[in-house]
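The values are calculated or read from the model by the stated rules, or taken from the named source; none is laboratory data. This is a predicted model, so every value here is computed, not measured. With ideal geometry, Cβ positions are generated from the backbone for all residues, glycine too; neighbour counts draw on all protein chains shown.
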Amino acid sequence: MNKNVLILLQEEIRKLRDEQEQFKEEIKRLRDVHKKETEEMDNLKKEVKAVNEEIERLKAENRRKNIIVQGLEIRSANNPKELKAKMENFIEKRN
């Protein structure tokens with residue numbers, strides 16, 4: 001009877017070791033996945049930062065190109081030719 005108990009215990013220990021090995025492999029796989037995902041997230045953060053910086057640069061550039069003219073009444077700035085003509089006429093009147 002002692003021998004049977006010993007054999008059962010040995011089998012149980014073997015099963016536990018096998019399970020433990022499987023868990024170790026799964027943990028290693030999950031760590032690798034986590035590392036890859038973290039690297040990808042870091043790369044995406046860098047890309048977002050670069051895009052945001054470019055947007056801010058373009059906004060600043062756009063603000064520098066805007067001209068504010070006081071005293072000129074414009075009903076619609078959607079027609080570039082009309083806007084150009086009104087601006088030229090306004091400048092001629094001022095000179």
Taking residue 14, is it of a type in the set (Lys, Arg), loosely packed, with under 10 Cβ neighbours inside 10 Å and in a helix (DSSP H, G or I)?
no
Looking across segment 40-90 at residues that are out of contact with any helix residue (DSSP H, G or I) (no Cβ under 8 Å at 6 or more places or on another chain) and of a type in the set (Gly, Ala, Ser), the single one that is modelled with the highest pLDDT is 50
